[in-house]
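This report refers to the structure that appears directly beneath it.
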Amino acid sequence: MASHSWKDAYRGMSADNIKGLVLALSSSLFIGASFIVKKKGLKKAGASGIRAGNGGYSYLYEPLWWIGLITMIVGEIANFAAYAFAPAILVTPLGALSIIISAVLAHIILREKLHIFGILGCVLCVVGSTTIVLHAPQERPIESVTEVWGLATEPAFLLYAVMVLIAVFILVFHYIPSYGQTHIMCYIGVCSLVGSLSVMSVKAIGIALKLTLSGMNQLVYPQTWAFTFIVLLCVITQMNYLNKALDTFNTAVVSPIYYVMFTSLTILASVIMFKDWDRQNPSQIITELCGFVTILSGTFLLHKTKDMVDGQIPLSIRSPKHMDDEEDGIDQESIPLRRQDTSCMRSP
């Protein structure tokens, strides 16, 4: 019986899972490129107006930013479709590809320097993601959007949702006004926490549309529209704070940290809501946790070595890039994440 169960678990990907895999990979390609295009737009807009990191919205008049936004929307649509075919634990980790794309394009286009250990960090992120994908649980069969609503209104997930909302309000009203410009986790924390709720709603909508196209109309249920409203609200919030993070901090650092936090919280939400781990044995769960540790290790390595050049150790690891660095003749994309005192030597 044990041998039979093992074969059932690893007999190969279903047609739906393959569709979800292809859509998820395509999504990462578009989203990874969109980070760079939007960053170029934000820099161009910031040169002639108030920067997004300082509360400005001059980027809304910059065509390049809109091109980046459209590219991201295409990626998000592909990602949306992927959740309709495959479980969140399979789809979400594949966002690691967007880290590689963002880092490579940032190095080529934005001239953001990436240390060799940063490249190793990216590799670790991919390895960890692959480990999770290979041991992901099978998709839970859902026959109605009301069934998803029932899962979302169970006490465990309601408790998670309330805790997320409390954390977001604390970040937005207490920490961001004081530390948003110097602590990357403030902006990324809001994006990731809200994102975990948006993915659960996106999956619900994807299931509803999939069932509708198969002949079981789910658009007549108010739950479908409730999930739609939640998605719109969450996406607007994510877009606003992601813009602030991209404008304030280095793209090669924003992308992996956002990926790790978003992926971790999304899978946690999926485990709570859809009870993914209830259908797995302890060895599979432990392997997935090892994958998480690998991803976190890669991101930590990338973050800590971002400012290392030719073996030099960075003086510090945080702070926004300011326009006056350009007046000093220093490329603001290659300076440390934190401004040093003018009396101190800066890492290149």
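The values are calculated or read from the model by the stated rules, or taken from the named source; none is laboratory data. Predicted model only: the values in this text are computed from it and were never measured. With ideal geometry, Cβ positions are generated from the backbone for all residues, glycine too; neighbour counts draw on all protein chains shown. Side chains are part of the model used for accessible areas, which takes the heavy atoms of the whole protein and leaves out ligands, DNA and RNA. Shrake-Rupley method; radii C 1.70, N 1.55, O 1.52, S 1.80 Å.
See the values below:
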{"item": "Mean Cβ neighbour count within 10 Å, used as a protection proxy, ranking 265-275, 116-126 highest first", "result": "265-275, 116-126"}
{"item": "Most to least accessible of Tyr241, Tyr187 (protein chains only, probe 1.4 Å)", "result": "Tyr241, Tyr187"}
{"item": "Three-way shape label, segment 72-224, alpha-carbon gyration tensor, a/c 1.5", "result": "oblate"}
{"item": "Residue-count net charge about Thr263 - beta-carbon cut-off 15 Å; Lys, Arg +1, Asp, Glu -1", "result": "-1"}
{"item": "For Gln138, distant residues with modelled amide H under 5 Å away", "result": "none"}
{"item": "Highest-first arrangement of 131-141, 226-236, where packing means the average Cβ count within 10 Å", "result": "131-141, 226-236"}
{"item": "Distance violations [Cα-Cα > 22 Å] among Lys19/Lys39; Lys203/Lys244; Lys19/Lys203; Lys39/Lys244; Lys19/Lys40; Lys38/Lys113", "result": "Lys19/Lys39; Lys203/Lys244; Lys19/Lys40"}
{"item": "Accessible surface ranking that places the most exposed of Asp247, Asp278 first, with a 1.4 angstrom probe", "result": "Asp278, Asp247"}
